[in-house]
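To keep things clear, I will list the structure first and then write my remarks on it.
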Amino acid sequence: VGSTSYFIWCTFFSLVFCVFPSILTVAEMGADGMLAVHSAEAFPPLSASVPDELYACSRFKRHTTCRRTAVACRRGARGGGRQLQQQRDYGWEHPEGEKAEKVSIETGLKVMADDMDSPTTQESGCRALLEIAQHGPAHQQEVVSMGGIDALVKAMHAHPMQHGVQIAAAGALERLCSGNADHVVRLLQVDGVAVLIKAMTAFVDRQSLQEVGCKMLRNIAACSGDCQVKVAALGGIQATLRAMAAHPSSATVQELGCRALREMAAYSASNQDDIVACGGIQRVLHAMEVHCKLSSIQVLGCGVLRNLTACNADFQDAVVSRGGVQVVLDAMANHADSADVQRAGCWALFCTCVHNAEAQKIVEAYGAVKATLEAMEQHREEARVQEAGCWVVKELAKLIVTKQSRTTFVTSTQAVLKAMDKHSAIAAVQTAAGGALRSLASHDSSGWVQTACLGRCGRFGRSTTKRILSVIKE
């Protein structure tokens, strides 16, 4: 009876703890406070045939001890003690401390290498490495130094059609490479990015894998210009857009996709060409429309549009012709209280029409001036909003003076002056505001801008007054 009860309790705890570790968080908190959490579907429970060596890692001990015991109980009657014997042979049945943990990692990697043909062994090994990597940089470094990245990539390469292996390995690689350029370099050396993109292509319908893939592509592209080029050359742009197209209703996929596109488009004309050629503008605008209530997607979408259009008149026209200006203005209207959305929106408006007279007319006609002035008024304390708003005023100055009402002209000038006064110590604001004043003054034949500047000089501090006077002289 005692043996039967022991078996029942062990089996119960085995089932409980078998399910618990399958709910793993594989994405970190981003700059905008986004957290992507993958459900149990991403990590289905392993069968009882998994080698027990892979569970001897001290980091897994809390939820695998009962499982190993239950497996041993089930196999005891039929003489199945091979795995427990292997544990004793490897010397890590009860690992303790850092030395034991190193032995655990080494043993796990050896089991994966020796049993490469087994998808179950590879999946469980990848999960173990993911669990270890989640405990911080020191553990991540330990895994990488022992060949963890190589083992994970080999597992993905050996079992390309096993979703469990792909998602577990991709999750572990994401943790190991996040924020570590050296680890990213190693991943590229072993063709890890190519294997990841193949997995995203093979399982495009699996949301969890697309989330991890998009996040990895963004993090890798952000490491350096060379990494950015390599990711794009291996098909990272196409993989990202496929993920976004396959999961339009998933806010997480859209957000991570926009992050990746924004990073790959930055300062790279060839990447910008590829993104536009593959329908990136339409995909980003669609994401912003479908998820119009999510400020994070609005910020990121505006960021992609900014990076695509800043130096390319054709892409500016493409955004305008596809209704991009209205999408940006809707984002600003729906999130008037968000300084981040207002800043990103102003930058997108500016980049969409900079040095493009025809685009400027369309942007102004949509009501960009009004939206910009409202953003500057509501977020007067936010230097970045003031800077972006001043650049919009500068670019649309001719139309503000010649086409807008006198009230709007006066309000625009006062908004720029207030920005200069409020943020007198911030060079970026002073540069943008100075450019806006010069542009307004150059198109003002009545001389009102100069009069307004002189009339307000007495209210400003000495440094702001000197800057304003220097602008007037120019």
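The largest accessible area among Thr201, Thr120, Thr372 belongs to the first residue in Thr201, Thr120, Thr372, and the rest follow in falling order (1.4 Å probe, all chains).
Taken about its Cα centre, segment 302-407 carries a charge dipole of about 300 debye when Lys and Arg each add +1 at the Cβ and Asp and Glu each add -1 at the Cβ.
Positive contributions from Lys and Arg (+1) and negative ones from Asp and Glu (-1), summed over other residues with Cβ under 13 Å from the Cβ of Ala170, come out at +2.
Packing, as the average of other Cβ atoms within 10 Å across residues, places the peptides 433-441, 241-249 in the order 433-441, 241-249, highest first. Here segment 281-344 exposes an accessible surface that is 45 percent carbon and sulfur, computed with a 1.4 Å probe and the other protein chains kept in place.
Which pairs, out of Lys361/Lys398; Lys110/Lys215; Lys293/Lys394; Lys370/Lys394, put more than 20 Å between their alpha-carbon atoms? Listed pairs above 20 Å: Lys110/Lys215; Lys293/Lys394.
In this label model, Arg406 and Ala113 are separated by 8.4 nm, measuring between points 7 Å along each Cα→Cβ vector. Place a label point 7 angstrom from the Cα of Asp273 along the Cα-to-Cβ direction, then list the residues of segment 305-328 whose backbone nitrogen is under 20 Å away. The answer is 305-319.
Over segment 129-263, accessible surface divided per residue gives 33 Å², non-protein components excluded, 1.4 Å probe.
On a 1.4 Å probe surface of the protein chains, which of Ser405, Ser424, Ser104 comes out largest in accessible area, and what is the full order?
These residues rank, largest area first, as Ser405, Ser424, Ser104.
Annotation for segment 355-406: GluC sites (Glu not before Pro) lying in DSSP loop with at most 13 further Cβ atoms inside 10 Å of their Cβ are Glu381.
The values are calculated or read from the model by the stated rules, or taken from the named source; none is laboratory data. On a predicted model such as this, the values are computed, not experimentally measured, just so you know. Neighbour counts are summed over all protein chains in view; Cβ atoms, including those assigned to glycine, are modelled from backbone coordinates with ideal geometry. Note: accessible area is taken over every heavy atom of the protein model, side chains too, but ligands, DNA and RNA are not part of it. Shrake-Rupley method; radii C 1.70, N 1.55, O 1.52, S 1.80 Å.
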